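Where a number appears in this text, it was derived from the coordinates with a stated rule and is not lab data. Since the structure is predicted, the reported quantities are computational estimates derived from the model, not experimental observations. FYI the Cβ positions are ideal-geometry reconstructions off the backbone, even for glycines, and counts take in every protein chain you see.
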Amino acid sequence: MFSLSVVQNAMRRALADGALQPIETQTILLDSDGVRFVVRTVSSLARKDKARHVAAATDPLGDYDRSLFVGDLAPSHYILLNKFQLLAGHVLLVTRRFERQERLLTVEDFAALIACLSEVDGLGFYNGGVEAGASQRHKHLQLVPLPLTRESPDEVPMERVLGSGSPLPFRHAFARLAPQATAPELHALYRELLHRCGISAVAAEEGEVQSAPYNLLIRRGWMLVVPRSRACFESISVNGLGFAGSLFLRSQEELDRVHAVGPMQVLSAVAMPQDVPHDA
């Protein structure tokens, strides 16, 4: 059974043997376009950068460090701790059989996510491709407990504007979820939101893959899809958590740059232009 206590026990074990390497950050709240963004600045991601280069030639989510293992999640997935945690309790929902990160999500992926969200009030997200912030080739969803920070009044900062009628300056598709929605229902809604964003399924030898990169965000009450144009704004990397209202920066210089342009403008630069209404 997945629960916060199970994750916390796994974290204690992984910290004790050095497998889990949390990254310390400083947090500020930065208002931009009606959203109070959570902006974390780290002094160095050298360890993570080194691990990313090694991962390019390996499959660390398939051939994983056993100390990072949290538990099995149905026959199709298992749960790993995110080795370089910026948020305590950050876990990965990994497909047991290797699939590329560009594969479209399946009913089984949503069943795995529902199993976690039914036990933990969290935010699930998916980085669909390198341009959407993915750093691993092996398909995996991610889940972080809420709130994203106790320093913010908002569990998910972007909820202030999602579905409120306030325009967002980038293409997106948003929908409320019915209570107790099933995995097939969530999968069907996901495919609808992709379609509304202009993203289609492309037949490939290993199954359907995406026609363009995107981020998916989902919690118990809503789902959001954001198509992506690039992975970074200048040197600033943005993954799915950026569209929840949470940015991670590597230096004071990057923080100064975000102050200058505004967090929402950073998101706009890595997303697609909002040419037609996509909110619902």
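Name the residues whose placed amide hydrogens come within less than 5 Å of the amide hydrogen of PHE233, ignoring near sequence neighbours (fewer than 5 apart) on the same chain.
Correct list: VAL238.
Once amide H atoms are built 1.01 Å from N in the peptide plane, which residues 5 or more positions from LEU123, or in another chain, come under 5 Å H to H?
The answer is VAL144, LEU146.
With a/c under 1.5 counting as rounded, go ahead and sort the stretch 205-274 into rounded, prolate or oblate using the C-alpha gyration tensor (a ≥ b ≥ c being the square roots of the eigenvalues; past the cut-off, prolate if a/b is larger than b/c, else oblate).
On the way: a/c = 2.24, a/b = 1.69, b/c = 1.32.
Since a/c reaches 1.5 and a/b is larger than b/c, the shape of the stretch 205-274 is classed as prolate.
So what are the ³J(HN,Hα) numbers for the stretch 75-81, from phi and the Karplus equation (6.51, -1.76, 1.60; θ = phi - 60°), rounded to whole Hz, Gly and Pro as x?
x, 9, 9, 9, 10, 10, 5
I want to check the label-to-label distance for ASP65 and TRP222. Put each point 7 Å from Cα in the C-beta direction and report it in nm to one decimal.
3.6 nm
For the stretch 17-27, what does the Karplus curve 6.51 cos²θ - 1.76 cosθ + 1.60, with θ = phi - 60°, yield as ³J(HN,Hα) per residue in whole Hz, taken in order and with x for Gly and Pro?
So the J values, rounded to whole Hz, are 9, x, 6, 8, 10, x, 10, 6, 9, 10, 10.
Kindly identify the stretch 85-129 as rounded, prolate or oblate by the Cα gyration tensor criterion: order the square roots of the eigenvalues as a ≥ b ≥ c, call it rounded if a/c is under 1.5, otherwise compare a/b with b/c, prolate if a/b is larger, else oblate.
oblate
³J(HN,Hα) across the stretch 113-128 via Karplus (A = 6.51, B = -1.76, C = 1.60, θ = phi - 60°), whole Hz, x for Gly/Pro?
Ordered by residue, 3J(HN,Hα) equals 5, 4, 4, 7, 5, 6, 9, 10, 6, x, 10, x, 8, 9, 9, x Hz.
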